[in-house]
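Where a number appears in this text, it was derived from the coordinates with a stated rule and is not lab data. Only a predicted model underlies this, so the values are computations on that prediction, with no experimental measurement involved. No Cβ is skipped: glycine too gets one built from the backbone with ideal geometry, and neighbour counts run over all protein chains shown.
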There are 2 protein chains.
Amino acid sequence: MKQKQQPKKILLAHGGGGQLTDELIRRYFLPRFKNDVLAELTDSAKLNLDSGSICFTTDSYVVKPLFFNGGDIGKLAVCGTINDLAVAGSKPVALVLSLIIEEGFELDLLEKILDSIGKTAKANNVSIVGGDTKTVETGAADGIFINTAGVGVRFAESAFDKIRAGDKIILSGTIGDHGMTILSQREGIKFQSLLKSDCAALAELTSRLFNAKGVKFMRDPTRGGLAATLNEITKSTRLSIEINQADIPISPAVQAAADMLGLDVLNIANEGKFVAVISAKSTDKCLRICKGSKLGKKASVIGTVTETSDVPIVEMITRIGGRRIVPMPYGRELPRIC
Amino acid sequence: MKQKQQPKKILLAHGGGGQLTDELIRRYFLPRFKNDVLAELTDSAKLNLDSGSICFTTDSYVVKPLFFNGGDIGKLAVCGTINDLAVAGSKPVALVLSLIIEEGFELDLLEKILDSIGKTAKANNVSIVGGDTKTVETGAADGIFINTAGVGVRFAESAFDKIRAGDKIILSGTIGDHGMTILSQREGIKFQSLLKSDCAALAELTSRLFNAKGVKFMRDPTRGGLAATLNEITKSTRLSIEINQADIPISPAVQAAADMLGLDVLNIANEGKFVAVISAKSTDKCLRICKGSKLGKKASVIGTVTETSDVPIVEMITRIGGRRIVPMPYGRELPRIC
C-alpha cells in the first residue's frame, strides 16, 4: 500500500472508522488525554466510582468564534459540563468528548482545541475517558461542534423543592462577561479588548459551599443569563424573587457594550458564575467562602425569595428605587454563544 | 406582551435558553421522555445506580438521510449508544440527549425523531434523563445532529487482554445492511426497497451471552464494518485472525448493491450486529443462544484467533479456497453513515 502523506486538514475519512480515524485517535487524542481508561479503546469507558449515586449531564457547544478572549470552544466544553455537574452537588469525575467536524477544518486548529480541552480537564482533575469523531462534508457544519457529557459523584443536594420564602440569593460575581465578549468579537465592537469571557470551572468553590451547608439550590446562569435562571426558580418553586439592581455586579465594559447593542445584561450568558439559593442564617458564612475564592471574590447577596399570593415573578428594585419585573428572556438575543 | 404564534420551524431562539427553549422542553421533550429524573429539570440528572462500576460512552449521529428504511436518526442514536454500553458488558440504564438543530428545521420532523427516540428508549428500558438543544443559523448545520451519551451498570467484562489464540469469532448476523441501505438511498439505486438497515438494540442478547460465560470480548462493527473491528482486535492483541468467507452471512441485495457501487461489504457499517470473541469450548453454547434470538438467528462462527510470528493480520479464506489479507479500511467509503 502506498504511504499516505499526512493530511493538514480534516478529511471525511477521518470520521470513517478506518485507518484515518484510528490515526486521529492515536496521534491527536490519546497523547493529550492519556489515562488508563481511555487507552483501552473499548466501546465504552469503564469506571469504578465511589458510589452509584451520580450526576449525569450533556451539553453541545457551537460557539462562534471558536477562539475568544478568555477561552475557546474546548475550554468552554470542559468548564460548562463540569459546572453543570458541580452546581447539582456532585464532584465531576469523567467526561466523554464527541466532535462533529467539517471536512477541510485545519488540523492545527483542532490541535489547539484539543490542547485546551486536555489542559482544562487536567487542571480540574477530570478525565476524558471516551470519545467519538464524526466528519461531515464542507458546508454541512460550521467548523467544529463539540459535545461533552459528564459524570460526577453526588455528595450534596441541589433541589428546587428545598427553597423557601426568606432564603437569600447569592450571585458569585459579575454577569454578562461571556456573552458580551462573544458578541462584541462577532460584531467587531471597538473596545472588545476590554471584555473577557468568565469561562471557568466552578467545582472547587461549589464543593466548599455545599460542604458548608445551607445551600439549597445552585445553577449556573448560562444561556438566558441571570434573568432565565431566576425565572426558572420562580417557575419551579411557585415562589417570587426580589432582587436589588444595585447589588448585581456588572463590569463597566460589559455594561457599555450591552448599552451599545441595546441588550439587557440580565439576559446575557455567563460561563463561570453561579446563582445559589441559601438559607438566611447561612448567608454570611457562604458569602465569606465565596469572597475567599478567586472565582467568587465579587460575590454578592442580590436578593430574597418571597411568598406570592399570585403568579410568581422576579422583581427588581432599580437603582433609583423603582420596581420592574424581570421577564424570562425570549431567547433571541444571542445565538451560538456557547 | 403580545401572544406569540406557535412556530412551525426551529428558530434560533429555540436554543437561546429563554422562553422558547423552555417551551421546546415542556411541549416536545418532557411528554415523550417522561420520567421523574428528567422532570426535575436540574442542570444534571441525578441517578441512583446499583453500583459505581459503570460504563460511560458517547456518540454523535450525523446520518444522511435522516429517515431510512429500517430506522431514522433518532432510533439510530438510541440503539447505537445502547449497543456501545451492551457490548462492553454493561446493562444500559440512562441516556442524555443533545441536539444541534439548523434554523428553519421543520418542527414536525423533530417530533417524528423525538417520537422515535422515546419509543426506542422505552422498548429497551432506558431512560432519557437529560438533554441540551443548540440552534445554529441556516446553513451552519445540515438539518439536525444528535448526540447521545449513555451510562450502564457493569456486570461482565469485555477486554482485549482476555483474548487468546484458539478463541472463536461469532458474528451475530448478516453484514452491510445498514451502510448499504443508507448509501443506496442516497445514490438512488433502483432496488433500494430490498435493503433495510439492521438498526437495533442488542443489549438483551448480549446480556444473555455474557451471563452464559465464555465471552471474552465483544464489539459492534459500525463504521469501518467487520474489517475494522477484526483489525482493531489484531492490533490490540498482537494476535492474528483467520476468517472463512463462506461463513460470513451477507444478504443477496446487500451484496448486489455493494458490487454495483464497487464496495467491499466487509468495510460497510452495521448498526445491529456484534462480533464476539469466545473461548473455543463455549462456542456451541453461545451460538445456540444467538440463534435462539430474533437478532441473532443468522449468527455464525466466522473464524478463529491465531498465533502469529510476525505482524498480526486478518486473513480471509475465500470461497474458492484462496487467501487474502483483510486490511483496515482507510475510511473514505461512507461519510455520514451514522
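If you model the stretch B:198-338 as an ellipsoid using its alpha carbon gyration tensor, with each semi-axis the square root of five times an eigenvalue, the axes come out at 23, 20, 15 Å, biggest first. Taking every DSSP beta bridge that has both ends in the protein assembly as shown, the antiparallel portion is near 80%.
Relative to the compact-globule estimate of 2.2 N^0.38 Å, the Cα radius of gyration of the stretch B:283-338 comes out at 1.56. Running Debye on the stretch A:49-194 with equal point scatterers at the Cα sites and no solvent, what base-10 log of I(q)/I(0) appears at q = 0.13, 0.15 Å⁻¹? Taking Cα atoms of the stretch A:49-194 as identical point scatterers yields -0.70, -0.88. Within chain A, DSSP assigns beta bridges of which about 75% are antiparallel (rounded to the nearest 5). Extent along the principal axes, Cα only, for the stretch B:235-284: 39, 26, 22 Å, with the longest axis given first. In terms of the Cα gyration tensor, with a ≥ b ≥ c the square roots of its eigenvalues, is the stretch B:1-122 rounded because a/c is under 1.5, prolate because a/b exceeds b/c, or oblate? The shape class here is oblate. Adding -39500 (n - 2.57) for every DSSP H run of four residues or longer, then dividing by how many residues the protein assembly as shown holds, sets the calculated 222 nm ellipticity at -8500 deg cm²/dmol. Just the Cα atoms of the protein assembly as shown, one point each, no solvent: what log10 I(q)/I(0) does Debye give at q = 0.06, 0.07, 0.10 Å⁻¹? Values, matching the q order: -0.34, -0.46, -0.89.
Working note: Karplus 6.51/-1.76/1.60 with θ = phi - 60° gives the stretch A:306-322 the couplings 10, 5, 9, 9, 10, 5, x, 9, 9, 10, 10, 7, 6, 4, 9, x, x Hz, where Gly and Pro are set to x.
Sequence-ordered 3J(HN,Hα) estimates for the stretch A:19-32 from the Karplus curve with 6.51, -1.76 and 1.60 and θ = phi - 60° stand at 3, 5, 5, 4, 5, 4, 5, 6, 8, 9, 8, 3, x, 7 Hz, glycine and proline given as x.
Each eigenvalue of the Cα gyration tensor of the stretch A:151-264, multiplied by 5 and square-rooted, gives one semi-axis; in descending order these are 29, 17, 12 Å. Across the stretch A:195-206, computed HN-Hα scalar couplings (Karplus, 6.51 cos²θ - 1.76 cosθ + 1.60, θ = phi - 60°) run 9, 8, 4, 8, 2, 7, 8, 9, 4, 5, 5, 5 Hz from first to last residue, x flagging Gly and Pro. For the stretch A:80-138, a/c is not less than 1.5, where a ≥ b ≥ c are the root eigenvalues of the C-alpha gyration tensor, and a/b tops b/c. That puts it in the prolate class. Taking chain B as a Gaussian network of alpha-carbon nodes connected by springs under 10 Å, the highest mean-square fluctuation of the residues B:ASP167, B:ASP142, B:ASP84 belongs to B:ASP142.
DSSP bridge analysis restricted to the stretch A:32-157 gives an antiparallel fraction near 70%, rounded to the nearest 5. Comparing Cα centroids, the stretch B:144-169 and the stretch A:91-121 end up 24 angstrom apart. By the gyration tensor of its Cα atoms, with a ≥ b ≥ c the square roots of the eigenvalues, what is the shape of the stretch A:171-237: rounded for a/c under 1.5, prolate for a/b over b/c, or oblate? The shape class here is oblate.
With label points defined 7 Å past Cα in the direction of Cβ, position B:ASP247 shows copy-to-copy spacings of 7.3 nm, given to one decimal and shortest first. Distances between copies at A:ASN211, taken between label points 7 Å from Cα along the C-beta direction, are 4.2 nm in increasing order. For the stretch A:125-241, the relative contact order works out to 32 percent when only alpha carbon pairs closer than 8 Å and six or more residues apart are counted.
A straight line joining the Cα centroids of the stretch B:302-320 and the stretch A:234-303 runs 64 Å.
Over the C-alpha atoms of the stretch B:115-184, the Rg to Rh ratio, Rh being the Kirkwood estimate, stands at 1.08.
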